[in-house]
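What follows is a single structure, written as structure tokens, with notes after it.
Nothing in this text is a laboratory measurement; each read-out follows from the coordinates by a stated rule. It should be emphasised that the depicted structure is a prediction, and the values quoted were computed from it without experimental measurement. Here Cβ is always computed from backbone atoms with ideal geometry, including for glycine, and neighbour counts include all displayed protein chains.
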Amino acid sequence: EDQVTQSPEALRLQEGESSSLNCSYTVSGLRGLFWYRQDPGKGPEFLFTLYSAGEEKEKERLKATLTKKESFLHITAPKPEDSATYLCAVHGANNLFFGTGTRLTVIP
Amino acid sequence: GAVVSQHPSRVICKSGTSVKIECRSLDFQATTMFWYRQFPKKSLMLMATSNEGSKATYEQGVEKDKFLINHASLTLSTLTVTSAHPEDSSFYICSARLAGGGGTDTQYFGPGTRLTVL
């Protein structure tokens, strides 16, 4: 059965304090691992797709990496506008299976 | 590109009434759309997969007679919550699948619809 575990559940950072969010997964036949950002009361916003171990993708202050068991979303020098819930999802044999997210708060 | 809209963004209705939510892919065609439900501080739960021109596929535990899905065109899917009750109050989010090359599909999400049943 597909499983996605995200940690930590919540993270508070000072502006400029870099950190990483973790997404551990178990899936049969990974067809893609997705990162989304969700603001309160909004739908998820697509960030990245990773397909194979060793792959990395970057967008502004965000960098996503993938191994065979987990993915990390690294946030470098975050700003208050990076505050949001970050969702990880895996696409295996079935449809997207989401983790419960990491709620990130960046304090000015 | 890859914009998905939902309408309405918020709806309040009385118990027993039906509510229709529309999901549109604005700048691409989507043969497959998805309907999710999200409870406060919880992750997205897939309710059903909507396929253009055919019947929707419902996840286990989702009542297909209560949550009617119609995927009438390549850019529009609708979810109708029939005889809504307070326990149906939730945040409903749709997504549309944009097919990439070599099986690299991506789901783009709508902004969500907040349903409150009184």
_Please list 3J(HN,Hα) in residue order for the range A:22-27, calculated via the Karplus relation 6.51 cos²θ - 1.76 cosθ + 1.60 where θ = phi - 60°; whole Hz, with x for glycine and proline._
10, 9, 9, 9, 9, 8
*Antiparallel bridge percentage (DSSP; both residues within the protein assembly as shown; nearest 5)*: 90 percent
*Linear extension gain, A:Ser18 paired with A:Lys57, 0.36 nm per residue minus alpha-carbon span*: 12.3 nm
*Across chain B: Cys residues that no other cysteine approaches within a C-beta distance under 4.7 Å*: B:Cys13
*Please give the average number of partner chain Cβ atoms lying within 10 Å of the Cβ of each residue in A:34-46, rounded to a whole number.*
5
*Determine, from the Cβ-Cβ distance of B:Thr57 and B:Thr31 and an R0 of 22 Å, the FRET efficiency 1/(1 + (r/R0)^6), rounded to the nearest 0.05.*
0.95
*Take B:Cys13, B:Cys23 and order them by how many other Cβ atoms sit within 10 Å, fewest up front.*
B:Cys13, B:Cys23
*Lys pairs, the range B:2-115 - Cα-Cα below 19 angstrom, 8 or more residues apart or on other chains*: 6
_Please arrange A:Tyr51, A:Tyr25 by how many other C-beta atoms lie within 10 Å of their C-beta, fewest to most._
A:Tyr51, A:Tyr25
*Looking at B:Thr75, B:Leu46, B:Thr32, which one has the Cα that reaches farthest to the positive end of the dipole of the range B:1-95 (charges on Cβ: Lys, Arg +1; Asp, Glu -1)?*
B:Leu46
*Evaluate peptide A:100-108: per residue, the Cβ atoms of other protein chains within 10 Å of its Cβ; return the mean as an integer.*
1
*Taking θ as phi - 60°, what are the ³J(HN,Hα) couplings along the range B:42-52 by the Karplus curve (6.51, -1.76, 1.60), each to the nearest whole Hz, with x for Gly and Pro?*
10, 7, 6, 10, 5, 9, 6, 10, 9, 10, 4
